[in-house]
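Read the structure below first, then the notes.
The values are calculated or read from the model by the stated rules, or taken from the named source; none is laboratory data. Since the structure is predicted, the reported quantities are computational estimates derived from the model, not experimental observations. Cβ coordinates were reconstructed from backbone atoms using ideal geometry, including for glycine residues, and neighbour counts include every protein chain displayed.
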Amino acid sequence: MRSALSPLLLLLATTALASGRFVSSQCGCSFEVPKGWTVTSNPEGGIEALGRPRTIADCAFGLRPKIWPPDPADGTAYGRYAIAIRLSRQTFEDAAQHAGFSQVSTLRKYFSPDAYPDKQPTDSMIDGRMHDGPAVKVTMSNWSGLEGTTTIRYYGEGPHGLGDAHRAVIASKDSRAASILSENPFTSRAFESVLRSFRFLPVAQPH
């Protein structure tokens, strides 16, 4: 099921060839694009909202290098994009949960009171395969949030197994949230570049 999109948001259905800074006044954000990568905006991007399967996110961007995946012949399904960014008006807590982050206090409540004995109750972990990855707090000029790396299972027709996934969830001072996900083992440096360069901007109002 596709969400209803205003004519203004339909303007986001563009693919930008790029290195440099990508700016979306409609969604109110900007970020640096790795050299030689492209950015595809929803609805053309087809990126689903986290926590709402089969619903296209109103504001989302898919990033990928010129050749993606790096070895198309290996048959592993790394997804349509190397990095996916989603913006929403969710609370930070809801956005974090949908992106796979959980507080240690919650994990202890639902799984084991002895879970992660070296962690504080307010620390966060990222859901993973076999084990959860630690999340660290990160703060930039107009947002703060969590980031980290966990382990997930890759699927596909060819050989596949476990590998890294990089995730971040951040919130602005005006209660907007963004998740930045890179569920593949190839793009850790690009992920950090996009995350650190991300800025929330004022959202353009329809005329």
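Values as computed for the structure displayed
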read-out: Residues of the stretch 185-207 satisfying the condition of being of a type outside the set (Gly, Ala, Ser) and touching a strand residue (DSSP E or B) at 6+ places or on another chain (Cβ under 7 Å); value: Pro185, Thr187, Phe191, Val194, Leu195, Phe198, Arg199, Phe200, Leu201
read-out: Test for His160: is it touching a strand residue (DSSP E or B) at 6+ places or on another chain (Cβ under 7 Å) and surrounded by fewer than 21 Cβ atoms within 10 Å (Cβ to Cβ); value: yes
read-out: So Lys173, is it exposed (fewer than 13 other Cβ atoms within 10 Å of the Cβ) and more than 28 Å from Pro53 (Cβ to Cβ); value: yes
read-out: Segments classed as strands (runs of 3 or more DSSP E), wholly inside the stretch 1-100, with at least 2 members that are under 15 Å from the mean Cα position of the chain (by Cα) and at pLDDT 95 or above; value: 29-41, 59-64, 83-88
read-out: Residues of the stretch 75-132 satisfying the condition of being touching a residue at least 40 places away in the same chain (Cβ under 8 Å) and touching a helix residue (DSSP H, G or I) at 6+ places or on another chain (Cβ under 8 Å); value: Ala82, Ile83, Ile85, Ser88, Gln90
